[in-house]
Amino acid sequence: MILEAFEGSRARSITAAVIVWGAVAAVAIAAGDSTPPAAPPPAGASAAASLTPEQTVSRYLDALKADKFTDAYDFITKAMAQNKSRDAWAKEQQWTMQMSEAKIFDYHVYPGKVEGDKAFVPNVLSSQDKFLNQLGVQEHELYTLIREDGRWKIDQQQLVEKSDQRKWFPPQAQEK
């Protein structure tokens, strides 16, 4: 009953938004502008556009940790998603996490470096899986982000070898 009321309310809100958008388009066309206005941005898009590279990595890892793969999709580039749809990519990630019995326990994102249209964000990940990290050893990662659709998005993730950690991580985060 509550769900039906929520869905009805949500449907009315979406319908109202479409009607308002249509009215704006009609007024613009009547005024001589034959180009209809752009569709309204998705919910939360303006907030996501203002995220820093570090916040983008944190939100991505939060989503993965919570098994919210459709949410994590918003923080990766089309190339990192291998041009898969949101649903296809999310199902693949869910299957991979389940099959590997992967668990993310914690992470610590460190200040990144922005170089033009690229950003590099270091992270120490505490996780475990049954194939590559059975002992749950902390992993030093480096995320490469680029601007796509006006937002910072993750384009690559790689492990940082001990010999390269000095370049990206503060002394207290480096392996001893």
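Derivation of every value follows stated rules applied to the coordinates shown; laboratory data play no part. Keep in mind that this is a model prediction, so the values were computed, not measured. Heads up, the Cβs are rebuilt from the backbone with ideal geometry, glycines too, and the neighbour counts pull from every protein chain shown.
General observations
- Residue by residue, the range 53-60 carries 3J(HN,Hα) couplings of x, 5, 5, 4, 5, 4, 5, 4 Hz when phi is fed to the Karplus relation 6.51 cos²θ - 1.76 cosθ + 1.60 (θ = phi - 60°); x denotes Gly or Pro.
- Highest-first arrangement of 69-79, 112-122, where packing means the average Cβ count within 10 Å: 69-79, 112-122
- Only Cα pairs under 8 Å and 6+ residues apart enter the sum, and on that basis the relative contact order of the range 109-170 stands at 27 percent.
- Least to most buried among GLU139, GLU54 (fewest other Cβ within 10 Å first): GLU139, GLU54
- Percentage relative contact order, the range 44-173, counting C-alpha pairs under 8 Å, at least six apart: 24
- The stretch between HIS108 and ASP62 holds 15.4 nm of extra length on full extension. This uses 0.36 nm per residue minus the Cα-Cα distance.
- Using the Cβ-Cβ distance between GLU115 and GLN138 with R0 set to 35 Å, the FRET efficiency from 1/(1 + (r/R0)^6) comes to roughly 0.85.
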